[in-house]
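Accompanying notes for the structure given below.
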Amino acid sequence: IRAERSYVMIKPDGVQRGLVGEIITRFERKGFQLKGLKLFQTPEDLAKEHYKDLASKPFYGKLVDYIISGPVVAMIWEGDGVVASARKLIGATNPLAAEPGTIRGDFAVEVGRNVVHGSDSPENGEREIGLWFEETEVVEWTRDMTPWLKE
Ligand code: DAT
Ligand code: MG
């Protein structure tokens, strides 16, 4: 079985506000491994597919408009427990409820501008990676610090 992966995305507000380096740093220094990375202007049909489970919500249209309002940084992060851990690093959906020290807790004030996305299950991680990345964009490599992170 393959290692656990999460689809993490810096949303257009995070890119515009200059938070790209800050956000990548938090995953990098935690010890997860970057397996894919691109700056990407999202087509509307992809944004709709990504959030299709929310299609019946009143905010769905605004959510799609927000996601396509500028480039995103699309990432694949890999590691044991990465899905749940990434959600902890990101913080609660509503930034005012997100703990200080989390990305949303530190950098956002509104649910409609909450800076970053992280998959909510390993299954959805794989689904989302399949939506956002071509197979040739996923890089296989070994992070040299692995023996310093894991016994
Ligand atoms: P999360 O992004 O924490 O996984 P989600 O999957 O429930 O949260 O919702 C996806 C995004 O939709 C979320 O990041 C922001 C937006 N959203 C969720 N609930 C909302 C609400 N009540 N009003 C406006 N936007 C909302
Ligand atoms: Mg979600």
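For this structure, a couple of remarks:
- Which numbered condition D53 misses (of (1) within 16 Å of T93 (Cα to Cα); (2) touching a residue at least 40 places away in the same chain (Cβ under 8 Å); (3) assigned to a helix (DSSP H, G or I)): (2)
- Residue list for the stretch 11-50, filter: without any contact (Cβ under 8 Å) to a residue 24 or more places away in the chain and farther than 24 Å from E110 by Cβ: E28, R29, D45
- Of all residues in the stretch 126-151 being part of a helix (DSSP H, G or I) and closer than 24 Å to E22 by Cα, the one that is farthest from the chain's Cα centre (by Cα): W148
- Test: A84 is part of a loop (DSSP other than H, G, I, E, B) and not basic (K, R): no
- Candidate set: the stretch 113-125, residues that are part of a helix (DSSP H, G or I) and within 14 Å of ligand 2 (Cβ to nearest atom); chosen: the one surrounded by the fewest Cβ atoms within 10 Å (Cβ to Cβ): E123
- Residue satisfying all of: in the stretch 64-96; farther than 30 Å from R2 by Cα and surrounded by fewer than 19 Cβ atoms within 10 Å (Cβ to Cβ); farthest from ligand 1 (Cβ to nearest atom) among these: G70
We did not get these values from a lab; they are worked out from the coordinates using the rules stated. Computed from a predicted model, the values in this text were never measured in an experiment. All Cβ positions, even for glycine, are placed from backbone atoms using ideal geometry, and neighbour counts span all protein chains on display.
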